[in-house]
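The next block holds one structure in the form of structure tokens; read it before the comments.
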Amino acid sequence: MQTSYELMVAPIGARLTKADHPALPITAPEIAATAQACQAAGATAIHVHVRDGQGRHALAPDLYAAALDHIARASDIHVQVSTEAAGVFDPQTQMECLAAVPARDASVALRELSGNPDAYVTAQTRGVDVQHILYTPDEVTALLQHFDRAEIPEQSRRAIFVLGRYSDGPQSDPRDLAPFVNAMGDAGLRWSACAFGAQEHACMLAALDLGGQVRIGFENSYVSADGTVYPDNATSVSAFVAAADARGYQPGGAST
């Protein structure tokens, strides 16, 4: 019997350009086509970043609205939007994006917005489900402390553990996951993981084995374990689905 898991695709991120990979989806139609292809390959959700007219990372509600409209016309995949600062935007801009973006799922970096309780009030008021981006095991501990002090609403007990960094090469290893899981303990977070570098799929298989959900895609890696460059995000999704299937896992279910 197969175990169901949530498979989110993150096809672009905030930093890469078509100079890095020509199949990176920059425009709203490209993002929608990627969403459609990745859903057909097995993805249950898509993590969306948008770019401005010059291809730069943006937190513009109108650009998100255009992307979400194109996606909705191409597929019924679940959509999560990013509020990532990426060293470009301040908390006020992130708050304005969260308050206006037409989505019901958003990722928030704990280190960027944890000091601003208004972010969670805004999300709760608008019915936005928040997923916390956690870059270190210490941030897992910090998030749990926020819950213990009732500084973050209980319905936001959702997190993604980030393995590896752009600055590290970037590379990650399945062993990187254990410190995050150990820091979480039995706290009951709804957690998933993503991983930079060629070991992305191996790391995500380890996440499934530990009871987590997964996020893959060109935001974190467009190279397979043997060094082959995936032609597009859907090919990476298909490869992961096949590898997970061989271990008894099947994508399905909501990603909230």
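Here are the numbers:
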read-out	value
Whole-angstrom Cα spans of segment 104-223 along principal axes, big to small	40, 27, 23
Top of Gly188, Gly212, Gly42 by mean-square fluctuation, Gaussian network on the chain, Cα under 10 Å	Gly188
Contact order normalised by residue count of the chain, Cα under 8 Å, 6+ apart, percent	24
Most fluctuating residue given options Asp226, Asp52, Asp105, as computed from a GNM of the chain linking Cα atoms under 10 Å	Asp226
Most positive-pole-ward Cα, Ile71, Gln94, Leu205, against dipole of the chain from beta carbon charges	Ile71
Förster-model FRET efficiency, 25 Å R0, Arg190 and Ala72, C-beta, rounded to 0.05	0.50
Estimated distance in nm for a label pair at Asp90 and Arg104, the labels positioned 7 Å out from Cα along Cα-to-Cβ	3.4
Square roots of 5 times each gyration tensor eigenvalue, C-alpha, segment 4-96, largest first, Å	21, 15, 13
Once the Cα gyration tensor of the chain is diagonalised, semi-axes √(5λ) in Å	25, 23, 17
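FYI, it's all coordinate maths here, none of it is from the lab. Only a predicted model underlies this, so the values are computations on that prediction, with no experimental measurement involved. Counting neighbours? That spans all protein chains shown, and the Cβs are built from the backbone with ideal geometry, glycine included.
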